[in-house]
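The values are calculated or read from the model by the stated rules, or taken from the named source; none is laboratory data. None of these values were measured; they are calculated from a predicted model. Heads up, the Cβs are rebuilt from the backbone with ideal geometry, glycines too, and the neighbour counts pull from every protein chain shown. Calculation scope for accessible area: heavy atoms of the full protein, side chains included, ligands and nucleic acids excluded. Shrake-Rupley method; radii C 1.70, N 1.55, O 1.52, S 1.80 Å.
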Amino acid sequence: MISVFENRAPKVFFILGFLICFSLISVRVVGQVSPAVSACDATKDRKVVHYGFCNASLGRDARVADLVRRLTLQEKILNIVNGAGNISRLGIPKYEWWSEALHGVSNVGPGTNFSSLVPGATSFPQVILTAASFNTSLFEAIGKVVSTEARAMYNVGLAGLTFWSPNVNIFRDPRWGRGQETPGEDPLLSSKYGSSYVKGLQQTDDNADPSRLKVAACCKHYTAYDLDNWKGVDRYHFNAVVTQQDMDDTFDPPFKSCVIDGNVASVMCSYNQVNGKPTCADPHRLAGVIRGQWKLNGYIVSDCDSVEVFFDDQHYTKTPEQAAAKAILAGLDLNCGSFLGQHTAAAVKKGLLKESDIDNAITNNFATLMRLGFFDGDPRKQPYGKLGPKDVCTAENQELARDAARQGIVLLKNTAGSLPLSPAAIKTLAVIGPNANVTKTMIGNYEGIPCKYTTPLQGLTASVATKYLPGCSNVTCGNAQVKEAKKLAATADATVLVMGIDQSLERESFDRVDLRLPGQQPLLIKEVAKVAKGPVILVIMSGGGFDISFAKHNDQVASILWVGYPGEAGGAAIADVIFGYYNPSGRLPMTWYPQSYLDKVPMTNMNMRPDPPKGYPGRTYRFYTGETIYSFGHGLSYSKFSHKIVKAPQTVSIPLDDDHVCRHLLDCNSVEAVEQLCKKSVTFDIHLRVQNKARHGGSHSVLLFVTPPSVHNSPRKHLIGFEKISLKGKSGTLMRFKVDVCKDLSVVDELGRRKIALGQYVLHVGNFKHTLSLRI
C-alpha cells in the first residue's frame, strides 16, 4: 500500500489524514501464515543442488557471482526494489526487504505482519528514552531481544530478515517530529547507541563468523535529515545547507560509527538535498564516503520513493531514466518503491546505464541475503531455525522492556525529597491528565503490536488506591476539567499529573511550532498545584522537550519526571520510580529550550555554531550560548553522588617529527590528526572516584565531558565518554576512562579536517573539573 511506504508519506497520506492511516498500519494483522521464504531448498526443488549459488561450500563472493551471471536484465531489475520479485526458474522466491524494528518488531512496512500465531511482539521504549539510560549494554541487549523475536517471526512466515532501523540522525532542533526516534543531540551518544543496537540486531550468538548476520540492520537517514514539515517547508523539497565542519563533527559521526564500529549491513539515504544535491543521487556521499571511505559491507537503500522525489518534486533530472541512472551510478543498490523497477531498463536502453552497473547493485543485495542464510535452504535446518512463537513476548523480554523504561526515566526536579512516595503513607492518590490512562501513546511511532500494555494509571493503582480524572479530552486540551481536577487533588494524599503530547502533535511529516505544553495543560497544572493537599508530581510524556519554566519554578509542583514514550510497560516503570522501587538514573539526551529560542532559530538554518552578530545562538549543548530550561545530561536521583578525579595528567605531549612545521612556529594552535600521528596512539587514563553518599542504592550514569581550547570554532564542551554504574548506599567505586587524544580530544576545523588543538583543556565530571595542557 503506497500510503504506508517507509518514510515517504505521499500526498495521498495527508489527504486521508494521518491518524486514520496510522491506525490502519498499527493493527494490520493477517490470518494466514506461510512458511519462511528462502532459496536453495532442495526438498522443494531438486535442481537447485546444481547451482553454484546454492553451494554453501563455495565462498560467498563466488556464490553471488554465479547467481548474478545467471540472471536476465529484467530479473536483475526485479531485485533492485524492496518488493523483489520471484525468479521461479532458479527456485528463488519473492522477498520483501522492508521491515522495521526501531524499538521492537514493527508492522510498519509490508515485510512484517502479526497474526493469531504471533499477535504481538515486545515493545520497548521509544529510542529517545532508551538513550537517556546512557547504557550501551542495554542498547545491545534490546537489539538481541528484537532480533530473536524477528527470527522467530521469520520462521513462521511473518517477518523478513532485513530491518530498516535504527534512526541515528542528530536531534538538532527541538521541534523535529521524529526526534523521538533518535538517540538525541550528541554525536557520541548517537554513535554508541547506533553501533550497539546494530551489534545486538546483527551479531550471531556465537559470533564465530563475523560476516554472518542474525538479521540485517540499517542506519538511517543519511544525512543531515532532521526536518519533516515545518511552516510549509517539507523534507521532499528541503535543501540542507551544511558546512563541511558541521557535517564531519555533527551529522556524519553516527553513520560512520554504524559502519565502522557496528559493521551495519545497510545505510539508507534520505529525501532531502544536501548543498543542492539529493543524497540518493550523490556519488561522493554514497560511493565515496559510505562505501569508499567507511568500507560498508552491505547495501545502500533509498528512503521510500526518494528517487521518485528527486525527479518529481525536486526536478533534479529532466527524465525518469536520468533519475534512475543518477541513483544507481551514485551507489544506490536498492530502491524502496517502484521507480527503479519502472525506469531502469529504459535507462540501459538509452545508454545512461550499463548492465554491469546494475550487477554492482544486486551483488551487494544478494551478498547481504547470503550472509543471512537466505540461500542456504530450509530455514528450520539453519541457525535460529528452532525459534518460534514461544520465543516472542517471553517474560524475560517483557521485563527488559520495563527495565529499559526505568533506566531511561529522568527526574528533572525533586523539591525537598518529595519523591519517592511511600505506598504505606498514601491512602488516596489522585491521577489526572490526558496521558494518565493511555496505551498506544506509550509506544510512539514505528511501533508494532505490543505483548500487552500497562498504563500509568494501572501501574500506580497496583500499589495504592487511586482516583482518576483525564483532565482533558485529549492532549490538545482545549477545555480542561479544572474544577473537577482541583476537587480531586484537594482531598488526595498526593497528586500525579500525567501530561505531555502524542503522535497527533509530533510525528513523521509533522514538526512542532511551539515548545509550550498544548492548550490548557499549563492552566490545569497550575490550578491543581494551588489547591493540592499533598505533593504534586508532574509527569511529562513526550519525545521532544518543553518550556515548562512555569512548573520548574513553581514550589507547589514538587517533582517533575520526563518519561519519553516509555513502551508497553511504561506505566509499571513510572510507578516503580514514583514509589521508589527503582532509583531514577536517566539523563536528558537533548537540551530543553525556552520558547524564545524559536524566535531566534529558524528550523531551516542548519548551522550548529553560533553567529553572535546575527543573534543566532547556535544549537545543542555543544554550541548553544543561550538559556536552557534543562540541559543535556541533566537528571536527578534519590541518592547523592559525588565525583572526584583522583589521577589524571597535568600535561600531555604529542610526539611530532623533528621537521614538523609546528616545531618552528611560535603561534601553532593545532596539529592535523593525520594517520601517521594517530598511529602512535597517544592515550592517557582518567581515574575517578564516584561515591553514593545517600542510603538509597542505585544506578548512576557517569558522563565525561571536555572543553577544548577555543580554536576552529570548537565546541563549548563535548561528551567523550560515559558509563553506567551501580552503587549501594553509602558506598563508592573507582572507575577509569581511557582517553585517546586523536579520537576523543580532536576537533574538526573549518575545512572539515580533524585537528588536535594545542593548549589548555578542561575535563568535566559532574561538578568536578580538571585542567590539563596538551603540547608538543
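Here are some pairs, 220/600; 199/440; 717/769; 220/755; which of them have Cα atoms lying more than 24 Å apart in this structure?
Beyond 24 Å: 220/600; 199/440; 220/755.
Sort 555-564, 375-384, 221-230 by packing, meaning the average of other beta carbons within 10 Å per residue, with the highest value first.
Per-residue Cβ counts within 10 Å, averaged per peptide and sorted highest first, yield 221-230, 555-564, 375-384.
Just the number, please: percent antiparallel of the DSSP beta bridges in the chain, rounded to the nearest 5.
For the chain, the DSSP antiparallel bridge percentage is about 60.
I'd like the carbon and sulfur percentage of the solvent accessible area for the chain, probe radius 1.4 Å, heavy atoms only, ligands and nucleic acids excluded.
Here carbon and sulfur together make up 51 percent of the probe-accessible area.
Counting Lys +1, Arg +1, Asp -1, Glu -1, what net charge surrounds residue 253 among other residues with beta carbon under 14 Å of its beta carbon?
The answer is -2.
Could you tell me the distance between the Cα centroids of the stretch 156-223 and the stretch 71-147, to the nearest Å?
12 Å
Please list 440, 647 in order of solvent-accessible area, largest first, computed with a 1.4 Å probe with all protein chains present.
Greatest to least solvent exposure: 647, 440.
Mind jotting down the distance between the C-alpha centroids of the stretch 251-293 and the stretch 704-725, whole Å?
Result: 25 Å between the Cα centres.
Expressed as a whole number of Å, what is the distance separating the alpha-carbon centroids of the stretch 483-535 and the stretch 567-625?
19 Å
Within the set of other residues whose C-beta is less than 12 Å from the C-beta of residue 661, count the net charge using Lys and Arg as +1 and Asp and Glu as -1.
Net local charge, residue 661 excluded: -4.
Considering only DSSP beta bridges whose two residues both sit in the stretch 639-774, what percent are antiparallel, to the nearest 5?
Around 95 percent antiparallel, to the nearest 5.
Decide, for the chain, between rounded, prolate and oblate: order the square roots of the alpha carbon gyration tensor eigenvalues as a ≥ b ≥ c, take rounded if a/c falls under 1.5, and otherwise choose prolate if a/b is larger than b/c, else oblate.
Since a/c reaches 1.5 but b/c is at least a/b, the shape of the chain is classed as oblate.
Give me the accessible area per residue for the stretch 639-774, probe 1.4 Å, as a whole number in Å².
So the stretch 639-774 comes to 52 Å² accessible per residue, rounded to a whole number.
If you consider only alpha-carbon coordinates, what radius of gyration and Dmax does the stretch 639-774 have, in Å?
17.2, 59
Using +1 on the beta carbon of Lys and Arg, -1 on that of Asp and Glu, and nothing else charged, what's the dipole of the stretch 353-400 about the Cα centre, debye to 20?
Dipole magnitude for the stretch 353-400 comes out near 200 debye.
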